[in-house]
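See below for the structure under consideration.
The values are calculated or read from the model by the stated rules, or taken from the named source; none is laboratory data. Please read these numbers as outputs of a predicted model, since none were measured by experiment. In this analysis, Cβ positions are derived from the backbone assuming ideal geometry, glycine residues included, and neighbour counts consider all displayed protein chains.
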Amino acid sequence: MSMSLPTEPPTDGAAVTETEKKADEVVEEEEEEEEYVVEKVLNRRVVKGKVEYLLKWKGFSEDNTWEPEENLDCPDLIAEYLQKQKSAHEGKRKAVGDADGDESKSKKKKDDNEKLRGFARGLEPERIIGATDSTGELMFLMKKHSDEADLVPAKEANVKCPQVVISFYEERLTWHSYPSEDEKKEEKN
Amino acid sequence: MPTTSIGGDERISKFKNKGKDLAKLREKRITECVELRKAQKENFFKRRNISLSSLPEDEALSPENGTVSFRIEDIIRDVNCDDRQAQTRGCQAARKLLSKDHDPPMKKIVDAGLLSRFVSFLSLDDEPTLQFEAAWALTNIASGTSWHTQQVVNHGAIPAFINLLTSPMLHIVEQAVWALGNIAGDGAAYRDVLIECNVIPALLAHISPDAPVGFLRNLTWTLSNLCRNKNPCPPMSAVNQMLPSLMQLLHLSDKDILSDACWAISYLSDGSDDRIDVVVKTGIVPRLVELMNNKELCVMTPALRSIGNIVSGSDLHTQMAIDAGVLSVLPNLLRHPKPTVQKEAAWALSNIAAGPCKQIQQLITCGLLPPLVEVLKNGDLKSQREAVWAVTNFTSGGNVEQVVQLVKSGALEAIINLLKVKDAKIILVILEAVNNMFLAAEKLGETERLCLFVEQLGGLEQIEMLQNHANEMVYQAAHNLIEKYFSDGDLEEVQVDAMQNGFVF
């Protein structure tokens, strides 16, 4: 009989890595029927005053779960996670949220006049079709193309497209008649 | 012909506007104007109601009865029958409906059960027109909400589109790239499914100097969606595959390609240090700094965001940005007319100021203090907030001489004026800065001088008032400051001499 080392490739199960990583592994809850091993701590949050950690389970590529701190017995993994967060350097602050809507669209629809748009883009003059100050600030309803219209603050429009704003105002100029003035002018004529 | 005055007046009054009543003239003008406006409005409304059948047919397809039907029943019938021509006709009609600017009937098409047919058309390599129309229709449905994208995916679109990436017809490949971009853009889940299906090598294979610009634009955008989203971030193996190609794309000159490539880098650098590390190891930082100067806002914005992310990393990462010249570009951006640009620039500055003395010194040397103070004084609230962080970080990491420089630049005066904002967090950050300045003053034995200065600037009054602030931490911090530095009774008149060190103003 020859002694041979197991030649099976390592599975996702704990078989091969257990010996290497014993120090870091979670001690399985012996009371439970199934044994789940925590591979890594991914995140931390506080819900209703209780600390929870997002856990990656060994052998499961999806199914990460949030577990309350008190249920866990993997202090090394938690410490490793916290250390990583700290070494995100004191004083440094990560980006918060989106770049104020300047980001590239996450999805795009291909329009019918796709080709036309390419040429017309930038040359198409915008038009103001209305104004309102119900938001507290003077806003223009700016028609872009076909049926799309945007609410744009007047402050912005005045700088971006002053001619468009002027046209809007000019189109709506009205004079009120002042009879005395007219009489005077008539006399001059 | 003799022109008597009477005759002249008569003629003149008939001639255009002369001699007419001024008020009547105005009335006439106003009425005309209103008529014109009304006429324009009518045209505007009429254009909305153009029937789709008048849209130009850009395919070489001639329908039997001469007009294309856009009725959903006809489309369903056509798509479901066995005749290729009818299928193409129906598919094209659906595509056109789905390409409308206003309210494309996505749900109707889904509910009509057409998606499985469309997906099956994708595999008909000998019917490129049909493939293309189906791909376009599915692209547009996938561009909707998560529900819409899910419908497309559930009908088996992913493997079908990935197969199309090897089509010999470039416009079909491009359409598949677009569709996959929409699916990836839905979120981390589908993104990772696509990555698992090996979409990345198939996409990268199409990057070549001969590729048309429009094609590369779509490709870059789709790649950026594969870099996008966190929780979780894309797998490192995928990131490593994409980075070299992103580098290549970043050296092109088309603004749309550059924009999306920079967004991709901004997503990849938005994470922990190991994420930032793989990005900077490509050597991309100098190019990013260069692109921060690009005249196109759509390029400059993500380049700035990327650099901002990089300097939120380790001191080493930050040094790489400094070595690449970021400090000479930043002043312009701090003075940029667009408030969001100012804000992002101030945020990047605040992170550089959170570094070691050596880097803070570089901030001073490269003239970053004056524009910083300008933002504190004139910026919008969000920019001011970031600038305040910059000041506090500076006072925390800077040595005594550096803090003196900071005060001399007008920063203290500027932050004192910001003590009246409503944001309690910012007030706390300002008070911390003031505290740090006093700590520096202590080392020089100059606390009294600083007290006097703060009082002159109206700061003492502000801080005293803050002892009544609603926020507990604020009034505590304010109180501590007063107790520690301002409670020695009346301040003595200190003669301010011109000295080499110290807080001389």
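Residue-wise test of (1) among the aliphatic types (A, V, I, L, M); (2) modelled with pLDDT of 95 or more; (3) touching a strand residue (DSSP E or B) at 6+ places or on another chain (Cβ under 7 Å).
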{"residue": "B:Ile360", "(1), (2), (3)": "yes, yes, no"}
{"residue": "B:Leu368", "(1), (2), (3)": "yes, yes, no"}
{"residue": "B:Leu376", "(1), (2), (3)": "yes, yes, no"}
{"residue": "B:Glu401", "(1), (2), (3)": "no, yes, no"}
{"residue": "B:Gln405", "(1), (2), (3)": "no, yes, no"}
{"residue": "B:Ser409", "(1), (2), (3)": "no, yes, no"}
{"residue": "B:Ile415", "(1), (2), (3)": "yes, yes, no"}
{"residue": "B:Leu418", "(1), (2), (3)": "yes, yes, no"}
{"residue": "B:Val421", "(1), (2), (3)": "yes, no, no"}
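Considering the range B:34-44, and only residues there that are under 16 Å from A:Ser167 (Cα atoms) and modelled with pLDDT under 70, the residue that is surrounded by the fewest Cβ atoms within 10 Å (Cβ to Cβ) turns out to be B:Lys41.
Within the range B:276-287, one or more residues are under 21 Å from the mean Cα position of the chain (by Cα), within 12 Å of chain A (Cβ to nearest Cβ) and buried (at least 23 other Cβ atoms within 10 Å of the Cβ). Residues in the range B:234-270 that are crowded, with 19+ Cβ neighbours inside 10 Å and not in a helix (DSSP H, G or I) were compared, and the one that is modelled with the lowest pLDDT is B:Asp270. For the range B:110-154, a residue qualifies if it is surrounded by fewer than 20 Cβ atoms within 10 Å (Cβ to Cβ), in contact with a helix residue (DSSP H, G or I) (Cβ under 7 Å, 6 or more places away or on another chain), part of a loop (DSSP other than H, G, I, E, B) and in contact (Cβ under 8 Å) with a residue 12 or more places away in the chain, and the qualifying residues are B:Ala112, B:Ser123, B:Glu127. In this structure, does B:Ala179 turn out to be in a helix (DSSP H, G or I), more than 14 Å from chain A (Cβ to nearest Cβ) and surrounded by 19 or more Cβ atoms within 10 Å (Cβ to Cβ)? In short, no.
Pull up the range B:80-109, narrow it to residues that are among the polar types (S, T, N, Q) and part of a helix (DSSP H, G or I), then point me to the one that is farthest from the other protein chains (Cβ to nearest Cβ). Filtering first and then ranking leaves B:Asn80.
Contact map, the range B:250-276: residues that are without any contact (Cβ under 8 Å) to a residue 60 or more places away in the chain and farther than 22 Å from B:Ser312 by Cβ paired with residues that are surrounded by fewer than 19 Cβ atoms within 10 Å (Cβ to Cβ) and of a type outside the set (Lys, Arg), Cβ distance under 6 Å, separation 6+ or inter-chain. Pairs shown: B:Asp254/B:Val213; B:Lys255/B:Glu296. Screening B:Arg84, B:Arg29 for residues that are at pLDDT 70 or above, of a type in the set (Lys, Arg), in contact with an Asp or Glu (Cβ under 8 Å, 6 or more places away or on another chain) and on the phi < 0 side of the Ramachandran plot leaves exactly one candidate, B:Arg84. Out of the range B:422-449, which residues are among the small types (Gly, Ala, Ser) and either assigned to a loop (DSSP other than H, G, I, E, B) or surrounded by 21 or more Cβ atoms within 10 Å (Cβ to Cβ) (or both)? B:Ala433, B:Ala440, B:Ala441, B:Gly445, listed by residue number.
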